[in-house]
Structure formats: structure tokens, C-alpha cells
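**Student:** Shown below is the structure under consideration.
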Amino acid sequence: MERRTIGAATLEVGAVGLGCMPMSWAYSGSRQRGDESLRTVHRALDLGLTLLDTADMYGPFTNELLVGRVLKERRAEAFVSTKVGLLVGEQHIVANGRPGYVRRACDASLRRLQTDVIDLYQLHRADPEVPVEETWGAMAELVRAGKVRALGLCAVGARGGRRTGARLYDGTIRQLERVQQVFPVSAVEAELSVWSAESLDALVPWCAARGVGFLAAMPLGNGFLTGTLTPGEGFEPDDLRARHPRFTAEMMAANQPIVAGLRRVARRHGEDVTPAQVALAWVLAQGRHVVPVPGAKRERWVTENAGAPGLRLTPRDLTDLAYLPTAQKSWD
Ligand SMILES: NC(=O)c1ccc[n+]([C@@H]2O[C@H](COP(=O)([O-])OP(=O)(O)OC[C@H]3O[C@@H](n4cnc5c(N)ncnc54)[C@H](OP(=O)(O)O)[C@@H]3O)[C@@H](O)[C@H]2O)c1
């Protein structure tokens, strides 16, 4: 597996990571199987997908516990990224960026992960009631205390707080510039895929210019870009796609030309090459500082996704992918 460095040169990871979220959160609960998930994380490490991306709120907590079972045996082979700042309540998810809470949450994550240091500690969402510098300052203290190696900021929820006329990540960049004054940012995590590429406008270049790593969340378009989802099949009520405007039967049918385009490029590279691998190779082609973290809970998918860095997209492939149809419907 090709290696990439994110942020400070010491943070070296496999070019493709593993998003652990689907093992415990966001997608159909009935398909989550602990044993299969454990095998999947082990398989990822076997193949050099060293970056394991989790969060305390996935589950909540159970995803970190699961990752911890693997770290207990194979800590030296893994690069663990977890997140702080979101609490799951009965009805709502709320932000908490108070320094005391951040300190307690970090200790709890360390216990669940069965490790004494977190490689990348990410602020999941800024708390609107706490100046972000205060939260970030508390996170920086954790680096000084040796509990955390580097800090990251997530910008997946940027859609919600956007000002009229502003680009999607303008607010994120302002926030990054504020926290950089307090302690260096090593990585930013935000959505990036062939059907959601807004981060390429300013955020990915902002990171490249400052030596900050970019973790591409949802690089497979929540599974759509793999071509394995059938329009109209439906999603269980606890699956985020049951409420996602791009995942109605109508929109999934309307967006099939995007999958067809990925499939056309895949065929040029061989019978066994898949749309998922092309989608990940496209993300990898957006910069040496970009590391996709595809979510997966099956060994088969991890094995397939590990093949993406070996796929060298040609200029013709990249042009064809740049001219894929624009996705119909987003959250906006
Ligand atoms: N920071 C944040 O706020 C934030 C927000 C969202 C996501 N993330 C991170 O980003 C990661 C990725 O996002 P995501 O998991 O939502 O979306 P994604 O990576 O775009 O898609 C995940 C889905 O694709 C399926 N899949 C994976 N590889 C496949 C393959 N080769 N062929 C067919 N299907 C495949 C998985 O199926 P199975 O589930 O059946 O394995 C899963 O349902 C998350 O796991 C999480 O770590 C972070």
C-alpha cells in the first residue's frame, strides 16, 4: 500500500484509510455484525490501510470499543483517529466544546480504545456557545500531556451554518485560521467524492498550501458510487440514507449516469476493476495530502478498496470523470 503523510511529516498512513462508522452508526443497524467488523479492521491492517477513523459518538461509544479490541493486539500497526465534541442525546445530537468536557472525553476515548495515545484527535463540531479557541486550547493541552499526537478539525457539518452567497467551506476556513493561532492543525476531514466535490474549491487547496492533511469523508457517496445499491430497494429507518434527498428511488435512478461513467473508466483498466476503486482513485488524484477514508464493515469491501492506489488514472480518465453529470439533489 502506498503511504502518505498528513500534516507533520511524522504522521504517515496508508494512502487509503478505513472509516469505521458504518460498523456501529449511520447505516442499517440490522446489518452491523461485531465479529465481521472485527475481521474487517484486522483485514484493513493486514493490507496496509492503517488509518482507522472513529469517533466517540459513533454508537455512541461502541465503535471506539470495537476499534479498541483490535488496537489492544495491534497498536503499533494502526494510526487511530477519533473525535470529540458531539454528544448523542435522546432526540438530538448536541455540541460540547467546554475544556473540562474535552479533557474527560479524551480520557474516556483512551480507555475505550485501549491505548495510551490517540494519533489524531479531531474536533467533530465546534460548539456555538464556546469560542473555538477555548476548545482547541484544551485539545492542545492534551498534545502537551502526551495523550494525543496531533489535532484535526472536521468540516462535514459545514452545510448547516452557511451564510447566503458564501462558498460551502468559507466558514470552515475562517475557523481553521482562528485555531491555527492557538495550535497547528494537522488534518481536516470533510466530504470529497466525484459527486460532492465542493471542498476542491478552497478547502483542499487551503490544506495543500499549509502542509495540512485532508481526510476525504464519504468518498464513495455513502455507497452510491460503488454501483451496488439498487434504486427503489429502500433503506431501514435508522439508515441516514432513508432521509437523504439523493437516496430517494427517483434521485438514485436520475443519478445512475454517474455510476455508468465510473464503470466506463473502470472497464478501461480491466474486468476486475470496480466503480468503487475508480471513485477512490479519483479522490487520491486530488493531491498527495489527500487520504480517502471509505467506510466499510465487510472484509470484501476493504480488500477491494485497498486496490485503489494501484489504479493509475490517465489524463483521459480524469477528464471523463471531470465531466460526469452533476449530481441531482443535495442537502441544499
Ligand atoms: N467527521 C465527520 O463528521 C464524518 C461524517 C461522515 C463520515 N465520516 C467518516 O468518513 C467515513 C466514510 O464515510 P461513509 O462511511 O459515511 O461513506 P462512504 O465511505 O462514502 O460509503 C460507505 C458505504 O459504502 C459501502 N462500501 C464501502 N466499500 C465498498 C465497496 N468496495 N463496494 C461496495 N460498497 C462499498 C459500505 O458498505 P458496508 O457498510 O456494507 O460495508 C458503506 O455502506 C466514515 O466511516 C467516517 O469515518 C466522518
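**Student:** For the stretch 1-24, how many residues meet the condition of being within 12 Å of the ligand (Cβ to nearest atom) and out of contact with any Pro (no Cβ under 8 Å at 6 or more places or on another chain)?
**Tutor:** Filtering the stretch 1-24 for residues within 12 Å of the ligand (Cβ to nearest atom) gives 16-24.
Restricting the remaining residues to those that are out of contact with any Pro (no Cβ under 8 Å at 6 or more places or on another chain) gives 20-24.
So the answer is 5.
**Student:** Filter the stretch 140-160 down to the residues that are assigned to a helix (DSSP H, G or I) and either under 15 Å from residue 177 (Cα atoms) or over 20 Å from the mean Cα position of the chain (by Cα) (or both) and list them by number.
**Tutor:** Selection gives 140, 141, 142, 143, 144.
**Student:** If the requirement is being touching a residue at least 24 places away in the same chain (Cβ under 8 Å), away from the ligand (no atom under 12 Å from the Cβ) and buried (at least 18 other Cβ atoms within 10 Å of the Cβ), which of these qualifies: 257, 309, 245? Don't jump to the end; show me each part of the working.
**Tutor:** Numbers: 257 fails: buried (at least 18 other Cβ atoms within 10 Å of the Cβ); 245 fails: buried (at least 18 other Cβ atoms within 10 Å of the Cβ).
When all the criteria are applied, what remains is 309.
**Student:** Is it the case that residue 295 is within 13 Å of the ligand (Cβ to nearest atom), closer than 15 Å to residue 26 by Cβ and surrounded by fewer than 22 Cβ atoms within 10 Å (Cβ to Cβ)? Write out each step before concluding.
**Tutor:** Working: within 13 Å of the ligand (Cβ to nearest atom): yes; closer than 15 Å to residue 26 by Cβ: yes; surrounded by fewer than 22 Cβ atoms within 10 Å (Cβ to Cβ): no.
For residue 295, the condition - within 13 Å of the ligand (Cβ to nearest atom), closer than 15 Å to residue 26 by Cβ and surrounded by fewer than 22 Cβ atoms within 10 Å (Cβ to Cβ) - is not met.
**Student:** Inspect all residues belonging to the stretch 59-81 and state whether any of them is under 20 Å from residue 300 (Cα atoms) and away from the ligand (no atom under 16 Å from the Cβ).
**Tutor:** no
**Student:** So, one more: Within the stretch 282-301, how many residues are under 16 Å from residue 216 (Cα atoms), part of a helix (DSSP H, G or I) and over 14 Å from the mean Cα position of the chain (by Cα)? Before the answer, list the steps.
**Tutor:** Going through the stretch 282-301, the residues under 16 Å from residue 216 (Cα atoms) turn out to be 282-296.
From what's left, part of a helix (DSSP H, G or I): 282-284.
If we keep only those that are over 14 Å from the mean Cα position of the chain (by Cα) as well, we get 282.
Summing the residues that are under 16 Å from residue 216 (Cα atoms), part of a helix (DSSP H, G or I) and over 14 Å from the mean Cα position of the chain (by Cα) in the stretch 282-301 gives 1.
**Student:** Okay, moving on. Conditions first: (1) modelled with pLDDT of 95 or more; (2) crowded, with 17+ Cβ neighbours inside 10 Å; (3) on the phi < 0 side of the Ramachandran plot. Residue 46 passes all but one, so which condition is the exception?
**Tutor:** Going through the list (1) modelled with pLDDT of 95 or more; (2) crowded, with 17+ Cβ neighbours inside 10 Å; (3) on the phi < 0 side of the Ramachandran plot, residue 46 breaks only (2).
**Student:** Might you check whether a residue that is within 14 Å of the ligand (Cβ to nearest atom), among the hydrophobic types (A, V, I, L, M, F, W, C), surrounded by 15 or more Cβ atoms within 10 Å (Cβ to Cβ) and in a loop (DSSP other than H, G, I, E, B) occurs anywhere in the stretch 125-137?
**Tutor:** yes
**Student:** Any residue that is on the phi > 0 side of the Ramachandran plot and more than 14 Å from the ligand (Cβ to nearest atom) - is there at least one of those in the stretch 84-103?
**Tutor:** no
The values are calculated or read from the model by the stated rules, or taken from the named source; none is laboratory data. These numbers were taken from a predicted model, which means no experiment stands behind them. Positions of Cβ are generated from backbone atoms using ideal geometry, with glycine treated the same way; all protein chains shown enter the neighbour counts.
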